[in-house]
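Just so it is clear, none of the values below were taken in a lab; they were calculated from the coordinates. Just so it is clear, the model here is predicted, and its values are computed rather than measured. Note that each Cβ is placed from the backbone with ideal geometry, even for glycine, and that neighbours are counted across all protein chains shown.
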């Protein structure tokens, strides 16, 4: 893919964008407004998770009563509960997606399809990038073995064992989370940051950092691998011009990881 000419700062020159019909459109939100909206998306996402925590707390109190209830112990139990994790993702993602679409709508003349790069890639392109995602996962597993790291972190195994509803967990991890996170980070955030002075490369880097920070519940090794995968997903979106490619790569990665987790969970009992 031919890159646009670079200005003195390394960012593409501020040319007006056009739609497929040739009509001039407003540029995407810039650096600060993109981060401001992203902060709002994060806040809404966490509020939804708090609501789910409250629902779990009420259910716990109704079942076990108030006597002996320890908020600290309950918080630790919830954080390790797969049913809570799945429920929080399924509850928070639609609200976050709604805010992303609302932010794009405020640009008035911009369309969701063009803003988020919802452009169908060729089968060859999709297969090539999907293969690169699988290769990354295999290399990651090899690195874990070389460093003496468990292939599946204990907390992830615990999530699977306490899933409560495996269909809900598969829905959350394989469908809901990849769509929501890619629309947010590789769609809305990357597009807005790339339109600022930091340019496309800076946008890929910064969106990967923010995506990794969303996963601080993992250990340092896990957060680092998520950051690297975020760079790959960002590059996939930019090189192909399609958000569907990183969505597919993310979903495939989560599918294989969940299958791997299911196998280890069944053999660790």
Helical mean residue ellipticity (222 nm; -39500 (n - 2.57) per DSSP H run of 4+; nearest 500) of the chain
-21500 deg cm²/dmol
Which FRET efficiency value, to the nearest 0.05, is calculated for residue 54 and residue 105 with the Förster distance at 22 angstrom and r the Cβ-Cβ distance?
0.15
Once you place label points 7 Å from the Cα toward the Cβ at residue 76 and residue 112, how far apart are they in nm?
4.3 nm
Per GNM of the chain with C-alpha springs under 10 angstrom, the most fluctuating residue out of 123, 165, 38 is 123
If you take the square roots of the eigenvalues of the alpha-carbon gyration tensor of the stretch 67-174 and sort them as a ≥ b ≥ c, do you get rounded (a/c under 1.5), prolate (a/b over b/c) or oblate?
oblate
In whole angstrom, note down how far apart the Cα centers of the stretch 31-55 and the stretch 205-269 are.
20 Å
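What FRET efficiency, computed as 1/(1 + (r/R0)^6) with R0 = 25 Å and r the Cβ-Cβ distance, is obtained for residue 39 and residue 166, rounded to the nearest 0.05?
0.15
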So if R0 is 30 Å, what FRET efficiency would residue 124 and residue 158 give, r being the distance between their Cβ atoms, rounded to the nearest 0.05?
0.15
Prolate/oblate/rounded label for the stretch 144-269 (Cα gyration tensor, a/c 1.5):
prolate
For the stretch 47-119, treating each Cα as an identical point scatterer without solvent, what Debye log10 I(q)/I(0) comes out at q = 0.19 1/Å?
-0.79
In degrees rounded to 10, the 0-90 angle between helix 123-146 Cα long axis and the longest Cα principal axis of the chain is 50 degrees
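Using 0.36 nm per residue, how much length does the chain from residue 67 to residue 215 gain when fully extended, once their Cα-Cα distance is taken away?
That pair, residue 67 and residue 215, stretches by 49.9 nm at full extension.
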Cα gyration tensor shape for the stretch 43-86, rounded if a/c is under 1.5, else prolate or oblate:
prolate
Relative to the longest principal Cα axis of the chain, at what angle does helix 199-213 sit, 0 to 90 degrees, rounded to 10?
10 degrees
Which of the following values of Cα extents along the principal axes in Å was calculated from the structure shown: (1) 70, 45, 34; (2) 52, 41, 37; (3) 65, 41, 31?
(3)
Among 86, 122, 242, which one shows the biggest mean-square fluctuation in a GNM of the chain, springs joining Cα atoms closer than 10 Å?
122
Taking Cα centroids, how far is the stretch 71-99 from the stretch 174-192 in Å?
18 Å
Out of 237, 149, 80, any idea which swings most in a Gaussian network model of the chain, alpha carbons joined below 10 Å?
149
